[in-house]
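To start, the structure itself, in structure tokens.
The values are calculated or read from the model by the stated rules, or taken from the named source; none is laboratory data. Here the structure is a predicted model, which means the values were calculated and not measured. For neighbour counting, all protein chains shown are included, and Cβ atoms are generated from backbone atoms with ideal geometry for every residue, glycine included.
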Amino acid sequence: MPIGMIASPDDPQFDRLCGELASRAARLDTSGDWPAEQLRMLGEVGVYRWFQPREWGGVDWSEADLARRYVRLASACLTTTFVLTQRSAATRRIVECDNEAAKQRLLPDLASGDQFATVGISHLTTSRRHLAKPVLAARETRDGFVLDGYSPWVTGADHADTVVLGATLDDGRQILVALPTTQPGVTVPSHASLLGLTASHTGPLECRGVEISREWLLDGPVENVIAARSGARTGGLQTSALAIGLSAAAINFLKQESVRRSDLADPAENLQGEHQALEADLVALASGVAACSSDELRARANSLALRSAQAALAAAKGAGYVSGHPAGRWCREALFFLVWSCPQPVMNANLCELAGLSD
């Protein structure tokens with residue numbers, strides 16, 4: 001497919017992309033290497049244009065279209081698709097800001113895949129927000145801001161050209177900036193070694209007296225900058241789509257095994273039915289139809305990811321417990337959803353289920 005063409009989920013080219021991602025997923029998990037080749041393939045088929053409006057070279061697809069695509073990609077390779085969500089989150093923040101100069105400087109290269117951007121905002125929402133002193137502080141100056149501290153969870157910071165970064169002023173107001181990683185004072189320590197998705201290179205980004213001018217200001221100063229624009233979300237349906245995609249991979253394995261093992265037929269069919277209902281609710285929510293709340297969807301998606309991955313491991317028996325088998329990887333990856341961008345109501349629902357306290 002020529003560079004820049006737009007992959008459709010019903011297109012054979014999209015099928016081949018997903019097949020390539022799936023074939024590389026095990027090796028990616030084992031090596032922990034940054035998925036440079038996978039991200040290059042996404043750019044070649046125009047995936048990065050999904051998240052930008054037509055005026056910036058995008059295709060302006062609906063939220064429902066994007067949700068379906070995330071599910072399909074995540075079922076092929078969760079790590080690559082997770083990195084994509086962080087890139088698309090950064091892109092959306094830039095698209096939705098009022099800084100036209102920043103848009104002109106950043107969006108064309110993001111659409112083409114020539115630049116990589118990511119986000120560092122979890123400390124403003126579900127991580128570290130209750131500390132007395134913000135982990136990443138901003139001090140306003142005549143020309144802009146000075147940043148001091150760190151963002152604890154930034155995906156691909158060691159490969160990013162730009163990080164859409166949140167910081168907090170002394171009065172509690174917050175800002176979002178498009179931070180060039182070449183700015184003096186920006187350092188990226190070694191990324192964390194995770195139970196799963198280590199190849200996403202998720203870890204801290206540090207700022208020590210980093211001066212950034214207002215030309216890179218995307219939003220703020222304002223209270224709760226993440227919620228300042230209704231169209232911008234953290235995690236949200238994207239993370240649920242990833243969990244649903246992981247479930248699809250595990251359930252497909254069960255379905256394949258059930259062809260020669262009749263004892264797996266009923267569990268596989270039941271999980272598949274649950275998956276179909278869950279994906280339908282995801283698409284409905286993405287379309288603006290309140291099939292359930294986003295927290296309810298996320299709790300159900302987390303639950304299905306955990307149960308379907310463990311069912312796949314049980315079906316694989318001892319072979320699944322050997323390093324390198326996909327069932328073992330799916331089990332480790334399913335745990336990710338208990339800790340990443342997980343609102344307290346979702347965590348409570350998952351804890352109650354694990355403790356046998358759910359209805």
**Message:** With within 23 Å of the chain's Cα centre (by Cα) and not assigned by TED's automatic domain parsing to the domain that holds Asp33 as the only criterion, which of Pro134, Pro108, Pro184, Pro152 stands out?
**Reply:** Pro152
**Prompt:** Which members of region 48-74 meet the condition of being hydroxyl-bearing (Ser, Thr, Tyr) and either out of contact with any Ser or Thr (no Cβ under 8 Å at 6 or more places or on another chain) or over 20 Å from Ala248 (Cα atoms) (or both)?
**Reply:** Tyr48, Ser62
**Asked** If you check Thr118, Thr141, which single one turns out to be surrounded by fewer than 24 Cβ atoms within 10 Å (Cβ to Cβ), among the β-branched types (Val, Ile, Thr) and in contact (Cβ under 8 Å) with a residue 40 or more places away in the chain?
**Response** Thr141
**Prompt:** Within region 145-189, how many residues turn out to be β-branched (Val, Ile, Thr) and over 21 Å from Ala227 (Cβ atoms)?
**Reply:** 8
**Prompt:** Of the residues Leu237, Leu246, which is part of a helix (DSSP H, G or I), touching a helix residue (DSSP H, G or I) at 6+ places or on another chain (Cβ under 7 Å) and closer than 19 Å to Ser62 by Cβ?
**Reply:** Leu237
**Prompt:** If we keep just the residues of region 286-299 that are of a type outside the set (S, T, N, Q) and out of contact with any helix residue (DSSP H, G or I) (no Cβ under 6 Å at 6 or more places or on another chain), which is farthest from Leu66 (Cα to Cα)?
**Reply:** Glu296
**Message:** Contact list please: Cβ distance under 7 Å, first residue in region 205-218 and within 20 Å of Val135 (Cβ to Cβ), second residue in a strand (DSSP E or B) and hydroxyl-bearing (Ser, Thr, Tyr), pairs at least six apart or on different chains.
**Reply:** Leu205/Tyr150; Leu205/Ser151; Glu206/Tyr150; Glu206/Thr187; Cys207/Tyr150
**Message:** If I ask for residues that are touching a helix residue (DSSP H, G or I) at 6+ places or on another chain (Cβ under 7 Å) and of a type in the set (Gly, Ala, Ser), which ones from region 249-285 would you list?
**Reply:** Ala249, Ala250, Ser258, Ala265, Ala268
**Asked** Going by the conditions given, is Asp29 in contact with a helix residue (DSSP H, G or I) (Cβ under 6 Å, 6 or more places away or on another chain) and either modelled with pLDDT of 95 or more or surrounded by 22 or more Cβ atoms within 10 Å (Cβ to Cβ) (or both)?
**Response** yes
**Asked** Considering Val163, Val177, which residue is closer than 24 Å to Leu28 by Cβ and in a strand (DSSP E or B)?
**Response** Val163
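Before we move on, is Arg261 outside the structural domain of Val154 (by TED's automatic domain parsing), loosely packed, with under 14 Cβ neighbours inside 10 Å and either of a type outside the set (A, V, I, L, M, F, W, C) or more than 30 Å from Leu306 (Cα to Cα) (or both)?
So Arg261 fits the description; yes.
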**Message:** Just to verify a result, which residue in region 180-204, among those that are outside any loop (DSSP other than H, G, I, E, B) and β-branched (Val, Ile, Thr), is surrounded by the most Cβ atoms within 10 Å (Cβ to Cβ)?
**Reply:** Thr202
